Every structure is written in structure tokens, then in C-alpha cells.
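A.B. asks: Before I ask anything, let me first share the structure, which is written out below as C-alpha cells.
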Amino acid sequence: MFKTQTKLRPRYAETDQMGVVYYGNYPQYFEVGRVEALRELNLSYKDMEASGVMMPVLELKVRYVQPALYDDEIKIVTTINELPKTRITFEHEIYDSNGKLLTTGSVQLVFVDMKSKRPRKCPEELYNKLKDFV
């Protein structure tokens, strides 16, 4: 299992008048977790796209437990539990500053060749970096 943690503070524009994070912002928080997880592996979306691989979202699941609040530091825990083939699934948990679980979710992406627009295998560099953890 590969696991990373990222912290951020919800901005005012991401909340309603009660200071509660709008539910539609959580997929963006999941994306922050994914990007930082790849960065921790010394990889980036930008480099994958430059090599001709894009990763569109195939499936998104979210379970809201408690609301995140404006300016309360949240922790995004991102986990990859299995080696990717043509798809990769990122599991996410979001906690408040007291360690209370706020939200869980998963995002499944598919590796696509940018020229052919067809699914392809996981890039070898990503696979090789994950095989030591998963």
C-alpha cells in the first residue's frame, strides 16, 4: 500500500455563509491528494502528459460524514492499494485538525494514449515506483 498525507485550509470561497465547505469541492481536494501523491513518487501529471499519457476520471465516489469548515486545517490521506493496469484507483480520507473523519472517497482514472485516445497500460515508470509499496 502506498499512502501519503497532504494538508490544506479550505478557503472562504469554498464555503457557504455558515463556513461549511460546499460538497462539490471535495473532488478538488481529492485531486490535491492525487497530485501530491504522484509528486511524492517524483512524478507529475505534467510529465505524464508530456510523454503522451492522460488520465481522465472514470469513476468518483464520495461519502460525506462531517462537514469541513472554513480555515480549519484538513488532512487529505491518499492511498493506492493495488498496482495499476489500465486503471488506477486512489482512495481518499479527509480529516479535520482534531483527527475526526470528515469525508471518504475514491477516484478511478484510466490511462489514455493522447494520440489514439485509447486506453493503454500504466506508464512503466509509475508501475515500477508503486510495485515496491503495493
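Rule-based calculations on the coordinates, nothing more; no lab input. Please read these numbers as outputs of a predicted model, since none were measured by experiment. For neighbour counting, all protein chains shown are included, and Cβ atoms are generated from backbone atoms with ideal geometry for every residue, glycine included.
A.B. asks: Relative to the compact-globule scaling 2.2 N^0.38 Å, provide the ratio for the alpha-carbon radius of gyration of the chain. Don't skip to the answer; put the middle values down first.
C.D. replies: Working: Rg = 15.6 Å, N = 134, 2.2 N^0.38 = 14.1 Å.
This ratio for the chain stands at 1.10.
A.B. asks: Only loop residues by DSSP count here, and only those with at most 14 other Cβ atoms within 10 Å; note down the GluC sites (Glu not before Pro) in the range 80-114 that meet that. The partial results should precede the final answer.
C.D. replies: Values: sites: Glu82, Glu91, Glu93; in loops: Glu82.
Sites meeting the loop and neighbour criteria: Glu82.
A.B. asks: Now a separate question. Check the straight Cα-Cα distances from Lys61 and name the lysines below 24 Å, setting aside those fewer than 8 residues away within the same chain.
C.D. replies: Cα-Cα hits under 24 Å: Lys3, Lys7, Lys75, Lys85, Lys100, Lys121.
A.B. asks: Give me the distance between the Cα centres of the range 36-85 and the range 93-134, rounded to whole Å.
C.D. replies: Computed from Cα coordinates, the inter-centre distance equals 6 Å.
A.B. asks: Of Gln28, Pro10, Pro67, which is farthest towards the positive pole of the chain's charge dipole, taken about the Cα centre with +1 and -1 on the beta-carbons of Lys, Arg and Asp, Glu respectively?
C.D. replies: Gln28
A.B. asks: Please grab the % of Cα pairs in the range 64-120 that end up more than 14 Å from each other. Don't skip to the end; give the middle numbers.
C.D. replies: Details: 981 of 1596 pairs.
More than 14 Å apart: 61 percent of the Cα pairs in the range 64-120.
A.B. asks: Given R₀ = 25 Å, what would the calculated FRET efficiency be for Lys85 paired with Glu40, taking r from the Cβ atoms and rounding to 0.05? Spell out each step's value before the answer.
C.D. replies: Values: r = 22 Å, r/R0 = 0.86.
With R0 = 25 Å, the Cβ-Cβ based efficiency is 0.70.
A.B. asks: Another question, if that's okay. Provide the net charge surrounding Lys61, with neighbours chosen by a C-beta distance below 15 Å and charges set as Lys +1, Arg +1, Asp -1, Glu -1. Can you show the working numbers first?
C.D. replies: Values: positive: Arg34, Arg63, Arg87; negative: Glu31, Glu59, Glu91, Glu93.
Taking every other residue near Lys61 into account, the sum is -1.
A.B. asks: What is the calculated FRET efficiency for Leu58 to Asn25, with r their C-beta to C-beta distance and R₀ = 22 Å, to the nearest 0.05? Walk me through the numbers before you get to the answer.
C.D. replies: On the way: r = 21 Å, r/R0 = 0.94.
After rounding, the FRET efficiency stands at 0.60.
A.B. asks: Taking the Cα centre of the chain as the origin, how large is its charge dipole in debye, to the nearest 20, when only Lys and Arg (+1) and Asp and Glu (-1) carry charge on their Cβ atoms?
C.D. replies: Details: 20 positive and 19 negative charges, 105 e Å.
So the magnitude is around 500 debye.
A.B. asks: Now for a different question. What do you get for trypsin sites (Lys or Arg not before Pro) in the range 28-134 restricted to DSSP loop and a cutoff of at most 16 other Cβ within 10 Å of the site's Cβ?
C.D. replies: Values: sites: Arg34, Arg39, Lys46, Lys61, Arg63, Lys75, Lys85, Arg87, Lys100, Lys115, Lys117, Arg120, Lys121, Lys129, Lys131; in loops: Lys85, Lys100, Lys115, Lys117, Arg120, Lys121, Lys131.
Loop-located and lightly packed - Lys85, Lys100, Lys115, Lys117, Arg120, Lys121, Lys131.
A.B. asks: Sticking with this one: Summing +1 for each Lys or Arg and -1 for each Asp or Glu, what net charge is found among the other residues whose Cβ lies under 11 Å from the Cβ of Thr86? Walk me through the numbers before you get to the answer.
C.D. replies: Details: positive: Lys85, Arg87, Arg118, Arg120, Lys121; negative: Asp113.
The answer is +4.
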